[in-house]
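Notes to accompany the following structure.
The values are calculated or read from the model by the stated rules, or taken from the named source; none is laboratory data. Just so you know, these numbers come straight off a predicted model, no measurement behind them. For neighbour counting, all protein chains shown are included, and Cβ atoms are generated from backbone atoms with ideal geometry for every residue, glycine included.
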Amino acid sequence: MTSGACRFFNVAALCVLMALPATSLNAAPLIVAHRGGTGDTPENTLQAFRTALDNGADALWMTVQVTKDGVPVLYRPGDLDALTEGHGRIDDITLSDIKKLNAGYSFEVKDASGQVTFPYRGKPLRIPTLSEALQAVPSNVPIMLDMKQTPAAPLVAAVARVLDDSNAWSRVRLYSTDAEAIHLIASYPKAQVFETRDATRDRLVDLSLGGACENPPPAGSWVGIELHRQVEVIERFTLGTGVSKVDARWWTPAAVKCFKTNGDVKIVAFGVDSAEAYASAARLGIDAVMTDSPRAMRMEKTPSP
């Protein structure tokens with residue numbers, strides 16, 4: 001796809017991927033900074049996004065929730081005490097109170113001796129609004145936005161307002177583990193979404209158990225799920241149930257080939273945080289990997305010949 005075609009389709013993330021020669025995709029999956037690189041810098045902060053881009057990230061993954069007064073902010077856990085000195089749910093607290101909290105309060109660093117320090121307690125970082133992040137991140141950087149709150153409707157409506165006001169629909173692709181959030185946001189004409197996690201997982205399970213590629217995603221789909229993940233397999237018997245823990249290696253050559261049956265389908269593999277995992281994704285032909293540490297992954301991403 002040419003740059004002119006990219007402007008025509010006005011889809012920033014798609015253009016970044018399609019600008020690569022076809023032969024380079026297997027060699028160098030794009031690097032998506034998970035929450036801005038939660039292993040490198042306090043997550044979902046403006047500093048995290050700057051650091052990730054300095055470390056060679058190609059795209060940014062952000063996590064959004066909505067405040068009590070209806071403002072989308074970038075924060076992941078269910079309670080503020082997980083990362084800050086505050087307490088309570090984001091949707092129970094107003095933006096003015098959230099702005100007083102330190103998003104880097106719990107971020108720890110270990111030195112060579114194992115000594116733990118909290119470097120951001122003396123230089124606090126704020127929880128940014130989605131609008132602030134869109135303004136701070138260069139407009140040519142693709143953003144993958146994870147809607148991380150239930151009920152979904154207030155969050156979806158608030159996110160849509162910001163994307164409208166910021167004219168940012170073309171640079172953002174939306175994801176959620178909550179299928180309702182995906183269905184709601186997909187009703188907006190300009191929305192670009194990942195297919196639901198349920199749909200992606202079901203396709204992979206069917207392929208794994210049945211062995212036949214009977215339900216590949218439509219052309220143009222974006223899918224995202226872990227490269228591999230520990231899952232529980234539950235068997236139900238007359239006299240009870242049996243539970244087994246399995247390392248589900250979702251992506252195999254057959255799975256990638258199946259998912260791309262109908263043409264241009266983009267695969268983003270989550271949880272890629274080692275050289276081995278990155279090399280595996282490259283061999284499979286995965287389009288992009290989501291990592292907690294762009295700093296570590298940048299050494300693995302080699303330029304194509």
Can you report the number of residues in the range 32-64 which are surrounded by 24 or more Cβ atoms within 10 Å (Cβ to Cβ) and in contact with a Phe, Trp or Tyr (Cβ under 7 Å, 6 or more places away or on another chain)? 8
For Gly114, which of the numbered conditions (1) exposed (fewer than 14 other Cβ atoms within 10 Å of the Cβ); (2) within 24 Å of the chain's Cα centre (by Cα) fails to hold? (2)
Meets criteria (in contact with an Asp or Glu (Cβ under 9 Å, 6 or more places away or on another chain) and not in a loop (DSSP other than H, G, I, E, B)) for Gln65: yes
Given (1) of a type outside the set (D, E, K, R); (2) touching a Pro at 6+ places or on another chain (Cβ under 9 Å); (3) surrounded by fewer than 12 Cβ atoms within 10 Å (Cβ to Cβ); (4) in contact (Cβ under 8 Å) with a residue 12 or more places away in the chain, number of the condition Ser131 does not satisfy: (3)
Taking the options Arg171, Arg203, name whichever one is farther than 24 Å from Lys68 by Cα, basic (Lys, Arg), touching a residue at least 60 places away in the same chain (Cβ under 8 Å) and surrounded by 21 or more Cβ atoms within 10 Å (Cβ to Cβ). Arg171
Filter the range 39-62 for residues that are in contact with a Gly (Cβ under 9 Å, 6 or more places away or on another chain) and in a strand (DSSP E or B) and give the result. Leu60, Trp61, Met62
Whether any residue in the range 238-250 is at pLDDT 95 or above, under 18 Å from the mean Cα position of the chain (by Cα) and not in a helix (DSSP H, G or I) is what I want to check. no
